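Asker: Just dropping this structure here.
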Amino acid sequence: MKRILLIGAMALLAVTVNAQSYRNPVIPGFHPDPSICRVGADFYIVNSSFEYFPGVPLLHSKDLIHWEKIGNVLDRQSQLNLKGATSWLGIYAPTIRYDHGTYYMITTNVGNGGNFMVTAKDPRGPWSEPIWLQQQGIDPSLYFENGKCYMVSNPGNTITLCEIDPNTGRQLTPSKGIWQGTGGRYPEGPHLYKKDGYYYLLISEGGTELAHRLTIARSRNIEGPYEANPANPILTNCSRKGQYKQIQGTGHGDFVQAKDGSWWLVFLAYRNHGGSYHHLGRETCLAPVEWKSGEWPVINGGNPIDTVMSARLLPPVPLPRPASLTTFDRPLGPEWVYIQNPIPDHYRLLDGKLRLIPHGTLTANDQPTFVGKRQESVQLEVETKVRANHCQAGLSLYQIQDGHIDLVVSGNQVSLLCKLKSIDYVVNTVFVDGQDVKLRIRGNQERYDFEYAVNGKPYQSLGKMDCSLLSTEVAGGFTGVMVGMMAEGDPSGYADFSYYDMKEK
């Protein structure tokens, strides 16, 4: 009996030792609708990008915990038309897959063309020009088997299947509805997998909000009929167990199997801050999956998702933390984005400075002059120095075209401006003695502080604003706060930025 107890204790100790903690989200900030594939020991994730250019950020990892942004799939104007795009339009949920030496990314350009895919031999690019597809519905995905390529998407709120030619995009079989989910609204985000003789169909339901969830069905035949898991939903925090977690809106996921045989799920969720508000957008989270032979997958032991998780992790491969300071003596990296297709001549690197030429306004939303990065932590400090010549220029916290807060210089004035739906007002304005003005925004989970400095003097406060004003719940949209440099006003004017320093904890 003692021997049995000793063996049991040793087994429990082994499980405890092997279990490690990690934090969600694994990719913070505006990184929604993750899709993942593994090639050898390398994992690749793509995310939605909506109205931002370049489109479809691409991240790489060796351990599923530490991620590095290595590029954007759609990095040429010929690949991505964002004319008139808002945060409700543009590039919706992409899927990345690998088959016989080729990487495939399939997605939807809502408002400018519909479903298409691009291919590459190296995920770092170059990726091909768009291959347009006949079957519509958002969130398309690909499944490869025995030399065939299948596509699923959701026209008419029905998960629909067809076979396509992966080289030309030509549809080879009629579109066939195979599942409508379990009755939740917006059945979308479909992904197909094959395991133990079953085709598994994973989808999202409930809308990408509080009631978001994942459901799954399976069939012996790829065309169905599909049987729903009696334990659906297999992931949601909209439950008694999960209702008080900071992480909410869990859904839109993609399974991946690691080289050691373990299964994992990447999925989107958002973190509430300062109450039931989220302003950083929908983020990429990770959960362990138990998937026994012939059985349904179980995510995180059936428990809700939290900011601190425990699992037997892959061997860690940490990455260096990106530098906070950006100087303008070289082209901007892949983490920088523009609103819609940028007008190239309006962004110039001159003598170690970034010169921005105005084009319209952020609110008018017609290729405005703006370049920024995703806010990934509520603990934020961003600083720049700007000289504005016959225009209005500075820093913007941008959520949506009618939901942004701007700290700007115009002539000898520094102003804090707020645009929120039909409300457009000047929060505060001061006159300064000097042309080169330092601007700084500091943030925490509840508010932003806006400051300015001239002539080497200490920073002065211009005002404070609640983060909730830029949340999805207040401002609208479902992207996330972008922090960037902007210029508005007279197109004959310009603004020179000396540096951009963005620190996050």
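The values are calculated or read from the model by the stated rules, or taken from the named source; none is laboratory data. None of the values given here were measured: they were computed from a predicted structure. Don't worry about glycine lacking a Cβ; one is built from the backbone with ideal geometry, like all the others, and counts go over all protein chains shown. What goes into the accessible areas is simple: the full protein's heavy atoms, side chains included, and nothing from ligands, DNA or RNA. Shrake-Rupley method; radii C 1.70, N 1.55, O 1.52, S 1.80 Å.
Asker: Across region 67-91, what is the total count of residues that are buried (at least 21 other Cβ atoms within 10 Å of the Cβ), assigned to a strand (DSSP E or B) and in contact with an Asp or Glu (Cβ under 6 Å, 6 or more places away or on another chain)?
Answerer: Result for region 67-91: 1.
Asker: How many of the residues making up region 486-505 are open to solvent by less than 10 Å² (accessible area, probe 1.4 Å), in a strand (DSSP E or B) and either out of contact with any Asp or Glu (no Cβ under 9 Å at 6 or more places or on another chain) or among the hydroxyl-bearing types (Ser, Thr, Tyr) (or both)? Lay out the reasoning, then the answer.
Answerer: From region 486-505, those open to solvent by less than 10 Å² (accessible area, probe 1.4 Å) are 486-487, 493, 495, 497, 500; that's our starting set.
Within this subset, residues satisfying the condition of being in a strand (DSSP E or B) are 486-487, 495, 497, 500.
Among the residues that remain, those that are also either out of contact with any Asp or Glu (no Cβ under 9 Å at 6 or more places or on another chain) or among the hydroxyl-bearing types (Ser, Thr, Tyr) (or both) are: 487, 495, 497, 500.
Number satisfying all stated conditions: 4.
Asker: Moving to a separate point now. If you check every pair at least six apart or on different chains, which have Cβ atoms under 8 Å apart with a residue in region 275-290 that is charged (D, E, K, R) first and a residue that is at pLDDT below 95 second?
Answerer: Qualifying pairs under 8 Å: 282/208; 282/478.
Each row is one residue, and each column tells you yes or no for (1) closer than 14 Å to residue 374 by Cβ; (2) modelled with pLDDT of 95 or more; (3) over 13 Å from the mean Cα position of the chain (by Cα); (4) surrounded by 18 or more Cβ atoms within 10 Å (Cβ to Cβ).
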residue	(1), (2), (3), (4)
7	no, no, yes, no
18	no, no, yes, no
33	no, yes, no, yes
40	no, yes, yes, no
48	yes, yes, no, yes
93	no, yes, no, yes
106	no, yes, yes, yes
109	no, yes, yes, yes
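Asker: Which residues, taken from region 201-257, are under 15 Å from residue 302 (Cβ atoms), open to solvent by less than 10 Å² (accessible area, probe 1.4 Å) and touching an Asp or Glu at 6+ places or on another chain (Cβ under 6 Å)?
Answerer: Correct list: 215 only.
Asker: Can you name the residue in region 165-200 that is among the hydroxyl-bearing types (Ser, Thr, Tyr) and over 24 Å from the mean Cα position of the chain (by Cα) and, of all such residues, is least open to solvent (accessible area, probe 1.4 Å)? Before the answer, list the steps.
Answerer: Within region 165-200, the subset among the hydroxyl-bearing types (Ser, Thr, Tyr) is 168, 173, 175, 182, 186, 193, 198-200.
Still in the running and over 24 Å from the mean Cα position of the chain (by Cα): 168, 173, 175, 182, 198-200.
Working: 168: 82, 173: 47, 175: 63, 182: 71, 198: 42, 199: 20, 200: 0 Å².
Of everything passing the filter in region 165-200, 200 is least open to solvent (accessible area, probe 1.4 Å).
Asker: Which of the residues spanning region 189-228 are among the β-branched types (Val, Ile, Thr) and farther than 28 Å from residue 271 by Cβ?
Answerer: Of all residues in region 189-228, those among the β-branched types (Val, Ile, Thr) come to 203, 208, 215-216, 222.
Selection gives 222 alone.
Asker: For region 158-186, give me each residue that is of a type in the set (S, T, N, Q) and either outside any strand (DSSP E or B) or on the phi > 0 side of the Ramachandran plot (or both).
Answerer: Restricting attention to region 158-186, the residues satisfying the condition of being of a type in the set (S, T, N, Q) are 158, 160, 167-168, 171, 173, 175, 180, 182.
158, 167, 168, 173, 175, 180, 182, listed by residue number.
Asker: Tally time: how many residues in region 347-364 are under 26 Å from the mean Cα position of the chain (by Cα) and open to solvent by 30 Å² or more (accessible area, probe 1.4 Å)?
Answerer: Number satisfying all stated conditions: 4.
Asker: Given the structure, is residue 329 free of Cβ contacts under 8 Å to residues at least 24 places away in the same chain and on the phi > 0 side of the Ramachandran plot? Give the derivation first.
Answerer: Working: free of Cβ contacts under 8 Å to residues at least 24 places away in the same chain: yes; on the phi > 0 side of the Ramachandran plot: no.
Considered against the rule, which asks whether it is free of Cβ contacts under 8 Å to residues at least 24 places away in the same chain and on the phi > 0 side of the Ramachandran plot, residue 329 comes out as no.
Asker: Which of (1) under 29 Å from residue 331 (Cα atoms); (2) touching a Leu at 6+ places or on another chain (Cβ under 8 Å) does residue 81 not meet, given it meets every other one?
Answerer: The one condition residue 81 does not meet is (2).
Asker: Continuing with the same structure: Residue pairs, Cβ under 6 Å, 6 or more apart or interchain, first in region 190-209 and at positive phi, second open to solvent by 20 Å² or more (accessible area, probe 1.4 Å) and assigned to a strand (DSSP E or B). List them.
Answerer: Filtered contacts from region 190-209: 206/213.
Asker: Do the conditions hold for residue 48, that is, is it outside any strand (DSSP E or B) and closer than 18 Å to residue 120 by Cβ? I'd like the intermediate steps shown before the answer.
Answerer: Numbers: outside any strand (DSSP E or B): yes; closer than 18 Å to residue 120 by Cβ: no.
Taking the combined requirement at face value, the residue does not satisfy it.
Asker: What residue, of 340, 367, 379, is closer than 25 Å to residue 126 by Cβ, open to solvent by 50 Å² or more (accessible area, probe 1.4 Å) and in contact (Cβ under 8 Å) with a residue 12 or more places away in the chain?
Answerer: Just one listed residue meets the conditions, 367.
Asker: Here's a follow-up. Quick check on residue 274: is it surrounded by fewer than 17 Cβ atoms within 10 Å (Cβ to Cβ) and at pLDDT below 95?
Answerer: Numbers: surrounded by fewer than 17 Cβ atoms within 10 Å (Cβ to Cβ): yes; at pLDDT below 95: yes.
It is true that residue 274 is surrounded by fewer than 17 Cβ atoms within 10 Å (Cβ to Cβ) and at pLDDT below 95.
Asker: Could you check, for region 187-199, whether at least one of its residues is acidic (Asp, Glu) and in a loop (DSSP other than H, G, I, E, B)? Walk me through how you get there before you give the answer.
Answerer: First, pick out the residues of region 187-199 that are acidic (Asp, Glu): 188, 196.
Adding the requirement that they be in a loop (DSSP other than H, G, I, E, B) leaves 196.
Checking region 187-199: at least one residue is acidic (Asp, Glu) and in a loop (DSSP other than H, G, I, E, B).
Asker: Would you say residue 299 is touching a Cys at 6+ places or on another chain (Cβ under 9 Å), under 26 Å from residue 200 (Cα atoms) and of a type outside the set (Asp, Glu)? Full working, then the answer.
Answerer: Details: touching a Cys at 6+ places or on another chain (Cβ under 9 Å): no; under 26 Å from residue 200 (Cα atoms): yes; of a type outside the set (Asp, Glu): yes.
So residue 299 does not fit the description; no.
Asker: Follow-up. Of the residues 434, 477, 394, which single one is assigned to a loop (DSSP other than H, G, I, E, B), touching a strand residue (DSSP E or B) at 6+ places or on another chain (Cβ under 9 Å) and closer than 27 Å to residue 50 by Cβ?
Answerer: On the way: 434 fails: closer than 27 Å to residue 50 by Cβ; 394 fails: assigned to a loop (DSSP other than H, G, I, E, B).
Matching residue, one of 434, 477, 394: 477.
Asker: Going through 351, 366, 306, 402 one at a time, which residue ends up being touching a Gly at 6+ places or on another chain (Cβ under 7 Å) and of a type in the set (Asp, Glu)? Steps first, please.
Answerer: Working: 351 fails: touching a Gly at 6+ places or on another chain (Cβ under 7 Å); 306 fails: touching a Gly at 6+ places or on another chain (Cβ under 7 Å); 402 fails: touching a Gly at 6+ places or on another chain (Cβ under 7 Å).
Testing whether each residue is touching a Gly at 6+ places or on another chain (Cβ under 7 Å) and of a type in the set (Asp, Glu) leaves just 366.
Asker: Of everything in region 318-331, what is over 24 Å from the mean Cα position of the chain (by Cα), open to solvent by 80 Å² or more (accessible area, probe 1.4 Å) and either of a type in the set (Val, Ile, Thr) or more than 27 Å from residue 123 (Cβ to Cβ) (or both)? Give them in sequence order.
Answerer: 329
Asker: Name the single residue, out of those in region 452-484 being charged (D, E, K, R) and touching a residue at least 24 places away in the same chain (Cβ under 8 Å), that is surrounded by the most Cβ atoms within 10 Å (Cβ to Cβ).
Answerer: Let us first name the residues in region 452-484 that are charged (D, E, K, R), namely 457, 464, 466, 473.
Still in the running and touching a residue at least 24 places away in the same chain (Cβ under 8 Å): 466, 473.
Numbers: 466: 15, 473: 13.
The residue in question is 466.
Asker: Given 334, 315, which one is part of a loop (DSSP other than H, G, I, E, B), exposed (fewer than 14 other Cβ atoms within 10 Å of the Cβ) and either at positive phi or not charged (D, E, K, R) (or both)? Reasoning before the result, please.
Answerer: Working: 334 fails: exposed (fewer than 14 other Cβ atoms within 10 Å of the Cβ).
That would be 315, the only listed residue that is part of a loop (DSSP other than H, G, I, E, B), exposed (fewer than 14 other Cβ atoms within 10 Å of the Cβ) and either at positive phi or not charged (D, E, K, R) (or both).
Asker: Hey, can you tell me all the residues within region 299-312 that are farther than 20 Å from residue 65 by Cα and buried (at least 17 other Cβ atoms within 10 Å of the Cβ)?
Answerer: none
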